[in-house]
Amino acid sequence: MEIILSQDIQNLGQKDDIVTVKDGYARNYLVPKKMAVIATPSARKVLAENIKQRAHKEAKLKEVALAIAEKLKAITVVIGAKTSTTGKIFGSVNTIMLAEAINTQGFEIDRKYITISEDSIKEVGKYSAKIKLHREVIVDFPFEVVTE
């Protein structure tokens, strides 16, 4: 029996895949637990339309992410931190501080999407971070840490 998966199922397939399984497995387990629907002609048409709409939405989101990425490349971010006379920072610079500095420039980027290449920044200098704007759009973002 052919079914359309409603969610990812390990060792069977990903969401929206059409797979062939034994009749009992589909009727007694997958369909009652709403993990799949039977692949009727009408269900296949609905699936095709959903995939088409999702692809259209993904393309728009990717375009927006690419536009933001271009704008991010144009700005420079300088983070001020209290330091000792040797240039060591009291504490460390983290993604929260970087997100706040970027957001003051007019962007809305959540700290969850920022990863700093070093474990912790404890000295003054130039560093880079990766900002994930979309599943396929990741920006290398340089920033500088200076003394206040």
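Any read-out appearing in this document is the output of simple, stated calculations on the displayed coordinates, not a laboratory observation. All values derive from a computational prediction rather than experimental measurement. Reconstructed Cβ throughout: ideal geometry from the backbone, glycine too, with neighbour counts over all protein chains shown.
Using just its DSSP H runs of length 4 or more, each adding -39500 (n - 2.57), the chain gives a mean residue ellipticity at 222 nm of -10000 deg cm²/dmol after division by all residues.
The order of the peptides 74-82, 91-99 by mean Cβ neighbours within 10 Å, most packed first, is 91-99, 74-82. For LYS52, a cut-off of 20 angstrom between C-alpha atoms picks up these aspartates and glutamates, skipping any fewer than 8 places away in its own chain: ASP8, ASP16, ASP17, GLU63, GLU136.
Can you tell me the dipole magnitude for region 2-63 around its Cα centre, using point charges on the Cβ only (Lys, Arg +1; Asp, Glu -1), in Debye to the nearest 20?
Values: 12 positive and 8 negative charges, 36 e Å.
So the dipole magnitude of region 2-63 works out to roughly 180 debye.
Helix 41-74 and the longest principal axis of the Cα set of the chain meet at an angle near 10°. Here's the list of lysines a cross-link from LYS130 could span, going by alpha-carbon distance under 25 Å and ignoring same-chain residues fewer than 8 apart: LYS57, LYS60, LYS62, LYS71, LYS73, LYS82, LYS88, LYS112, LYS122. Please find, in a Gaussian network model of the chain (springs between Cα atoms separated by less than 10 Å), the residue of ILE38, ILE89, ILE102 whose mean-square fluctuation is greatest. Between ILE38, ILE89, ILE102, it is ILE38 that shows the largest mean-square fluctuation. Overall, the anisotropy analysis places region 66-147 in the prolate class: the square-rooted eigenvalues a ≥ b ≥ c of its C-alpha gyration tensor yield a/c not less than 1.5, with a/b exceeding b/c. Simple rule: put +1 on each Lys or Arg Cβ and -1 on each Asp or Glu Cβ in the chain, find the dipole, and look at VAL145, THR95, TYR29; the Cα lying farthest toward the positive end is TYR29.
Here the Gaussian network model covers the chain, with springs between Cα atoms less than 10 Å apart; of ALA67, ALA59, ALA26, ALA26 fluctuates the most. Judged by the mean number of other Cβ atoms found within 10 Å, the most tightly packed of the peptides 135-146, 47-58 leads the ranking 135-146, 47-58. Put a plus charge on the Cβ of each Lys and Arg, a minus charge on the Cβ of each Asp and Glu, and nothing anywhere else: the dipole of region 66-147 about its Cα centre is then about 80 debye. Which of rounded, prolate, oblate describes region 2-63, given a ≥ b ≥ c as roots of the alpha-carbon gyration tensor eigenvalues and a/c under 1.5 marking rounded, otherwise prolate only if a/b is larger than b/c? Prolate, since a/c reaches 1.5 and a/b exceeds b/c. Comparing Cα centroids, region 1-76 and region 96-144 end up 31 angstrom apart.
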